[in-house]
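Trainee: I'd like to ask some things about the structure below.
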Amino acid sequence: MSKVSPHIYKEAPEGHKAACRALLYALGLMESDGWMAWKQIIAGRLSERERACIALAALRSMNLEDRQKVLEVAFELDEGAGVPMPTFGEVHDDAQWWASIANQQEHEAYLMAAYKALSKKSQQELQAHLKGEW
């Protein structure tokens, strides 16, 4: 094992720090909301390889029976993105990221709810935009 700098957190990329903070939050809550939030944060902040390493390490830490149960559940899920997280940056960027991982059912549900929440004027402007008139 290579030697780790005592200043590893200070020197870590911001994405790694965000993933660690979110993991502490999820562990502290030990509820589905915390784990869903962590899932969304690591999807946006860590690479595929980094997430695969975390998954592999977690699975290999389990006994065979529990590992099989977890894998069965994981392959059955098509959960989509879940509820959009509160935005901490540009709203448009966060919305684009969420839409990129959401499933079709989520796209339709949030689109209709957002549309209904718009003022009549904004609804008309959106309709005009979608028709190419705006």
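The values are calculated or read from the model by the stated rules, or taken from the named source; none is laboratory data. Note that the structure is predicted; figures quoted are calculated from it, not measured. Using ideal geometry, Cβ is built from the backbone for each residue, glycine included, and neighbour counts are taken over all protein chains shown.
Trainee: Could you please find all residues in the range 1-48 being in a loop (DSSP other than H, G, I, E, B) and charged (D, E, K, R)? Explain how you work it out, then say what you get.
Mentor: Quick first cut of the range 1-48, residues in a loop (DSSP other than H, G, I, E, B) only: 1-7, 12-13, 30-31, 46-47.
Residues satisfying the conditions are K3, E31.
Trainee: Would you confirm, using the coordinates I've provided, whether L59 is at pLDDT 90 or above, farther than 22 Å from A95 by Cβ, exposed (fewer than 11 other Cβ atoms within 10 Å of the Cβ) and more than 19 Å from the chain's Cα centre (by Cα)?
Mentor: Details: at pLDDT 90 or above: yes; farther than 22 Å from A95 by Cβ: yes; exposed (fewer than 11 other Cβ atoms within 10 Å of the Cβ): no; more than 19 Å from the chain's Cα centre (by Cα): yes.
No; evaluated as a whole, the condition is false for this residue.
Trainee: Among (1) over 13 Å from the mean Cα position of the chain (by Cα); (2) in a helix (DSSP H, G or I); (3) surrounded by 11 or more Cβ atoms within 10 Å (Cβ to Cβ), where does R51 come up short?
Mentor: (1)
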